[in-house]
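Peer 1: Take this structure first; my questions come after.
The values are calculated or read from the model by the stated rules, or taken from the named source; none is laboratory data. Everything numeric in this text was worked out from a predicted model, so none of it was measured. FYI the Cβ positions are ideal-geometry reconstructions off the backbone, even for glycines, and counts take in every protein chain you see. Heavy atoms of the whole protein, side chains included, go into the accessibility calculation; ligands, DNA and RNA do not. Shrake-Rupley method; radii C 1.70, N 1.55, O 1.52, S 1.80 Å.
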Amino acid sequence: MFTGLIEDVGRVAALRPGQGSATLTVETHLPVRSMALGASIAVNGACLTVTKKGRKNFTVDVSPETLKRTSLGMLEPGSAVNLERPLRLQDRLGGHLVSGHVDGIAVVESIEIQAQFTFFTFAVPAFLGILMVPKGSVAVDGISLTVNECSQRSFAVAIIPFTLQHTNLRLRRLGDKVNIETDLIGKYVQKFFVQGNRRRYRA
């Protein structure tokens, strides 16, 4: 479990394709020595498992399902990635509950600067848009953000200077693809109502 508060922007050292899977090595300023093998880490919002460690890098395996659901397969050496270590029970929950299980991919539709804020609009498939509400939470490449406004096909967020400076959002351009995780509670509520309606129709 994560909070969506990014700890470091790492750099991809290597992405090695396998048989439908991949191995990803990331350089980071995080204390790699304190990471246990088998520990979880969120890379652009996707929860992955540390399998190897170097002095200043770590390696994770990327499964076929993760490649299918996320934009990780599009990374190249030098790509900037958001990193967050798992939440500890004694930590303050400064963002929102982020599972690290990416729901799908969005596309940067517009970027607009107004005073000190940067406004991003993302195009999303309908199955993601239906799970968003104004002033609700969403994780974009693992970053905990508040939805300003949304429709079934898009949503907009306002980025403060600190977030822009300390995440890979500062490098995003029109057409870029980002990982999206919608609000955990909202997904359960939607499933409850969908299943309830199906039972009602069958009755």
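Peer 1: Determine the sum of side-chain charges near THR28: Lys and Arg each +1, Asp and Glu each -1, restricted to other residues whose C-beta is under 15 angstrom from that of THR28.
Peer 2: So the environment of THR28 carries a net charge of +3.
Peer 1: Report the extension gain between ARG170 and ALA36 in nm, rounded to one decimal, defined as 0.36 nm multiplied by the number of residues separating them, less their alpha carbon distance.
Peer 2: Gain on stretching ARG170 to ALA36: 45.2 nm.
Peer 1: So, in nm, how far is label ILE160 from label HIS29 when the simple model puts each one 7 Å beyond its Cα toward the Cβ?
Peer 2: Each label point is offset 7 Å from its Cα along the Cβ direction, giving 1.9 nm.
Peer 1: Which of these, LEU131, LEU93, LEU15, has the largest mean-square fluctuation under a Gaussian network model of the chain (Cα springs below 10 Å)?
Peer 2: Looking only at LEU131, LEU93, LEU15, the biggest GNM fluctuation is shown by LEU93.
Peer 1: Measure up LYS135/LYS187; LYS56/LYS187; LYS53/LYS177 against 26 Å on the Cα-Cα distance and list the ones that go over.
Peer 2: The answer is LYS56/LYS187; LYS53/LYS177.
Peer 1: Can you send over the carbon and sulfur percentage of the accessible area for the chain, probe radius 1.4 Å, protein chains only?
Peer 2: 54
Peer 1: Given the -39500 (n - 2.57) contribution per DSSP H run of 4+ residues, what per-residue ellipticity at 222 nm results for the chain, rounded to the nearest 500 deg cm²/dmol?
Peer 2: -4500 deg cm²/dmol
Peer 1: Enter the accessible area per residue of the stretch 21-96 (Å², integer; probe 1.4 Å; all protein chains in place).
Peer 2: 55
Peer 1: Could you rank the peptides 31-37, 108-114 by their average count of other C-beta atoms within 10 Å per residue, with the highest value first?
Peer 2: 108-114, 31-37
Peer 1: Give the separation of the Cα centroids, the stretch 19-41 to the stretch 134-151, in Å.
Peer 2: The stretch 19-41 and the stretch 134-151 have Cα centres spaced 26 Å from each other.
Peer 1: I've got another one for you. Under a crude label model (7 Å from the Cα following the beta-carbon direction), how far is GLU65 from ARG92 in nanometres?
Peer 2: My value for the distance between the label points is 3.5 nm.
Peer 1: Also, quick follow-up: Once you place label points 7 Å from the Cα toward the Cβ at ILE185 and SER110, how far apart are they in nm?
Peer 2: Going from the ILE185 label point to the SER110 one covers 3.1 nm.
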